[in-house]
Amino acid sequence: QVRLVESGGGSVQPGGSLRLSCAVSGSAYSARCMGWFRQAPEKEREAVATIYSDTIHGRPAHGRYADSAKGRLIISLDKATNTVYLQLNSLNPEDTATYYCAAASISYGSICPWDRKLFQYWGQGTQVTVSS
């Protein structure tokens, strides 16, 4: 069992930044992929970024991003503390949503799934509100 606890959400003005954290505990070794998803009111939950949990040739894996996130959001993984981060930059009102951390026990080599149905473990979510 993998337990996930998010933190770091809040309210910010357009153009601002936030850093979300996800503390991973339990059977963290079984989480081959980590992901951040978000769900806005009356919308489907969508993938924002995913990252392979292991190193590739001794180096941390690169994240995979939704088109809306490229260049603004950065996912990273601190294996020493079992924490996954999502740095949110240049935020706009369309980024307002509840953000969820998720873990998947599968990967396709070093490629992570994108479909939320393939992520078995979820945190409780943290709210991000972007408004002026």
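The values are calculated or read from the model by the stated rules, or taken from the named source; none is laboratory data. In this text, all values refer to a predicted model and were calculated from it rather than measured experimentally. With ideal geometry, Cβ positions are generated from the backbone for all residues, glycine too; neighbour counts draw on all protein chains shown. The protein model used for the area step is the full one, side chains on, heavy atoms only, and it has no ligands, DNA or RNA in it. Shrake-Rupley method; radii C 1.70, N 1.55, O 1.52, S 1.80 Å.
Has the stretch 69-81 got at least one residue that is open to solvent by 20 Å² or more (accessible area, probe 1.4 Å), in contact (Cβ under 8 Å) with a residue 40 or more places away in the chain and more than 17 Å from Gly8 (Cα to Cα)?
no
Restricting attention to the stretch 67-109, and to residues there that are farther than 30 Å from Glu42 by Cβ and charged (D, E, K, R), which single residue is modelled with the lowest pLDDT?
Once the filter is applied, the top-ranked residue is Lys79.
Determine whether the stretch 18-32 contains at least one residue that is open to solvent by 50 Å² or more (accessible area, probe 1.4 Å), of a type in the set (Ser, Thr, Tyr), without any contact (Cβ under 8 Å) to a residue 60 or more places away in the chain and under 18 Å from Thr129 (Cα atoms).
Checked the stretch 18-32: no residue is open to solvent by 50 Å² or more (accessible area, probe 1.4 Å), of a type in the set (Ser, Thr, Tyr), without any contact (Cβ under 8 Å) to a residue 60 or more places away in the chain and under 18 Å from Thr129 (Cα atoms).
Scan the stretch 87-106 for residues that are among the acidic types (Asp, Glu) and open to solvent by less than 10 Å² (accessible area, probe 1.4 Å) and jot them down.
Asp95
Determine whether Phe119 is aromatic (Phe, Trp, Tyr), within 11 Å of the chain's Cα centre (by Cα) and open to solvent by less than 50 Å² (accessible area, probe 1.4 Å).
No: the conditions fail for Phe119.
Can you tell me which of (1) over 16 Å from Gly123 (Cα atoms); (2) touching a residue at least 60 places away in the same chain (Cβ under 8 Å); (3) not aromatic (Phe, Trp, Tyr) is the one Glu44 doesn't meet?
For Glu44, the exception is condition (2).
Only one of Val48, Val84, Val130 is surrounded by 13 or more Cβ atoms within 10 Å (Cβ to Cβ), touching a strand residue (DSSP E or B) at 6+ places or on another chain (Cβ under 7 Å) and either farther than 19 Å from Val5 by Cα or charged (D, E, K, R) (or both). Can you tell me which?
Val130
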